[in-house]
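Here is the structure we will look at.
The values are calculated or read from the model by the stated rules, or taken from the named source; none is laboratory data. For clarity, every value in this text was computed on a predicted model and none was experimentally measured. Reconstructed Cβ throughout: ideal geometry from the backbone, glycine too, with neighbour counts over all protein chains shown. Heavy atoms of the whole protein, side chains included, go into the accessibility calculation; ligands, DNA and RNA do not. Shrake-Rupley method; radii C 1.70, N 1.55, O 1.52, S 1.80 Å.
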Amino acid sequence: MRVLHVAAEIFPLVKTGGLADVLGALPQALIGQGADARLLLPGLPAIVDAVSHQKVVFEIGPCFGAARVTLRLGRMPYSKVPAYVVDAPHLYRRPGSPYQASDGSEWPDNAQRFALLGWVGAHLASGELDPAWMPQVLHAHDWHAAMSCAYLAAHPPATVATVFTVHNLAYQGLFPSGDFALLGLPARFMAPSGLEFHNQLSFMKAGLKFAQHVTTVSPTYAKEIATHEFGFGLDGVIRGRGADVSGVLNGVDGTIWDPATDTGLAARYSADQLAGKARCKQALQAELGLAARADAPVFGVVSRLTSQKGLDLVLAALPGLLQRGAQLALQGAGDPALESAFVAVAKANPGKAAVRIGYDEAFAHRLIAGADAILVPSRFEPCGLTQLYGLRYGTLPVVRRVGGLADTVVDSTESALHEDRATGFTFDAATPAALDAAIQRAIDTHAQPERWRQLMRRAMAQDFSWAGAAQKYMALYDELASRQASLR
Ligand code: ADP
């Protein structure tokens, strides 16, 4: 099965969130299942500089406002997965985030930047750019890659099957309707049945409308996005796709996230050998200036600081958490108001609450290993990776029961504990009181070491491997490709 993954981020080169982790792991897992998987990435500086053995595949010439566009094929530096790179220096070679300038404003030419990515994806998929390799399935990720589905729909008959994965419906790639003229698509695409969304141009809709199948990164989120509450105005479009929408839960890359082999930790540990976790906790408390107390449960947070993640709830619940003798260790960056609120809390509570503003992959590992519990009180959560890392590291998740959080954490109810199924603590309402009650239950349970260890062992035994997710994608690809072949 030949599959082309089109995306704007890939761990460890370019990462703003979980999307990058998925692209860093899924193609390799598919190769492990026998697939011939390749990547198509924009030539952002970190990507152009790192992809090895690049050879020119096609000189595309000037397009989408770029004077020169070259398609090259090389290999990812660590995984060796083959990767096509769209080198368009004028559009992609700039510092900072893939989507925003350093002042936080969106790059003004994002419509052209990501239309080009989609255009190349579509033409690669229809065999026009690399005669030596043509995918059977094009798999586009989030709005950045969604236009490939529209370009393929504009030039039938396409023999390639298409899958579009929504990693986060909140980010839709909306542009002024006037930008439609830049896309080179027939006028009929600028209609409510196409890319038009309330008089704007929506790249997300290109994927939702024109992909043969739409997936999201958890089964519960697949159901939620068809509702008004979670649909961000696109729930009608999603309901319109009926059974063409499904959820495949993300996995965890066990070569990166495994406490038994994680060389960045103060000590390594496993479900059978938990002593190392206590050392990681001591090390974290020392590193952050938290009181060196083994009995104080440490609640960790590793997160983008946005309203999606519900961290205002953590701020509101914090006085109760600290009063009960627990500690907070937070690592995050984002909304300046949330950043300064957390910094102020840490200043006011030395030894009890520690906050690090910024993005630091290595510290995220130390924090997740050293904390007792990880807080993920999201308002919505397509899949969520930090709770999965928490489970794997025996750091019990305290999560709101939405999206992928609902699919991956089993609440410590009496019956779940009795049946040895419980892996964490969940709550329903997006209110400080509901989070506070879950934190209280976690603190009470932490005071019963035997019970806490039972939960840790059950959490660490969960299998969220990429191999399992890759098998599900392979089954989907097989089904779509054979349906597509029967149309020929
Ligand atoms: P989202 O993609 O919505 O941000 P996920 O939980 O799916 O949320 O993925 C977030 C990823 O980014 C995880 O790998 C998490 O460890 C990482 N991450 C988020 N914030 C930080 C940070 N400040 N420092 C290091 N890693 C972070």
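Structure summary
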quantity: Any hit, the stretch 403-414, residues being more than 26 Å from the chain's Cα centre (by Cα), part of a helix (DSSP H, G or I) and outside the structural domain of Ala161 (by TED's automatic domain parsing); calculated: yes
quantity: Failed item, numbered, when Ala7 is tested on (1) within 16 Å of the ligand (Cβ to nearest atom); (2) open to solvent by 40 Å² or more (accessible area, probe 1.4 Å); calculated: (2)
quantity: The stretch 227-261 - residue that is touching a strand residue (DSSP E or B) at 6+ places or on another chain (Cβ under 6 Å) and of a type in the set (Gly, Ala, Ser) and, of those, least open to solvent (accessible area, probe 1.4 Å); calculated: Gly251
quantity: Positions within the stretch 99-124 being under 17 Å from Cys63 (Cβ atoms) and aliphatic (A, V, I, L, M), in sequence order; calculated: Ala111, Ala115, Leu116, Leu117, Val120, Ala122, Leu124
quantity: Residue match in the stretch 49-70 (condition: away from the ligand (no atom under 16 Å from the Cβ), within 26 Å of Pro382 (Cβ to Cβ) and among the small types (Gly, Ala, Ser)); calculated: no
quantity: Enumeration of residues in the stretch 409-433 that are without any contact (Cβ under 8 Å) to a residue 12 or more places away in the chain and open to solvent by less than 10 Å² (accessible area, probe 1.4 Å); calculated: Ala416
quantity: Lone unmet requirement of (1) surrounded by fewer than 16 Cβ atoms within 10 Å (Cβ to Cβ); (2) modelled with pLDDT of 95 or more for Gly127; calculated: (2)
quantity: Among residues of the stretch 182-195, those that are of a type in the set (A, V, I, L, M) and open to solvent by 50 Å² or more (accessible area, probe 1.4 Å), counted; calculated: 2
quantity: Arg453 vs. criteria under 18 Å from Ala296 (Cα atoms), among the basic types (Lys, Arg) and either open to solvent by 70 Å² or more (accessible area, probe 1.4 Å) or not in a helix (DSSP H, G or I) (or both); calculated: yes
quantity: Of the criteria (1) over 26 Å from the mean Cα position of the chain (by Cα); (2) farther than 16 Å from Leu435 by Cβ; (3) away from the ligand (no atom under 16 Å from the Cβ); (4) open to solvent by less than 40 Å² (accessible area, probe 1.4 Å), which one Arg279 fails; calculated: (4)
quantity: Some residue of the stretch 343-351 being open to solvent by less than 40 Å² (accessible area, probe 1.4 Å) and in contact (Cβ under 8 Å) with a residue 60 or more places away in the chain; calculated: yes
quantity: Scan of the stretch 367-408 for residues that are open to solvent by 10 Å² or more (accessible area, probe 1.4 Å), of a type outside the set (Asp, Glu) and more than 8 Å from the ligand (Cβ to nearest atom), ordered by number; calculated: Arg379, Phe380, Arg392, Arg400, Arg401, Ala406
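Here's the yes/no breakdown for (1) within 16 Å of the ligand (Cβ to nearest atom); (2) of a type in the set (Phe, Trp, Tyr); (3) not assigned by TED's automatic domain parsing to the domain that holds Leu39:
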| position | (1), (2), (3) |
| --- | --- |
| Pro131 | no, no, no |
| Asp142 | yes, no, no |
| Ser148 | no, no, no |
| Tyr151 | no, yes, no |
| Asn168 | yes, no, no |
| Ser177 | no, no, no |
| Leu182 | no, no, no |
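Residue by residue, here is whether (1) more than 16 Å from the ligand (Cβ to nearest atom); (2) open to solvent by less than 30 Å² (accessible area, probe 1.4 Å) holds:
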position: Val3; (1), (2): yes, yes
position: Leu19; (1), (2): no, yes
position: Leu23; (1), (2): no, yes
position: Leu26; (1), (2): no, yes
position: Gln33; (1), (2): yes, no
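Matching residues to (1) among the aromatic types (Phe, Trp, Tyr); (2) in contact with a Lys or Arg (Cβ under 9 Å, 6 or more places away or on another chain); (3) open to solvent by less than 10 Å² (accessible area, probe 1.4 Å):
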residue	(1), (2), (3)
Ala146	no, yes, yes
Ala150	no, yes, yes
Val163	no, no, yes
Val166	no, no, yes
Pro176	no, no, no
Phe197	yes, yes, no
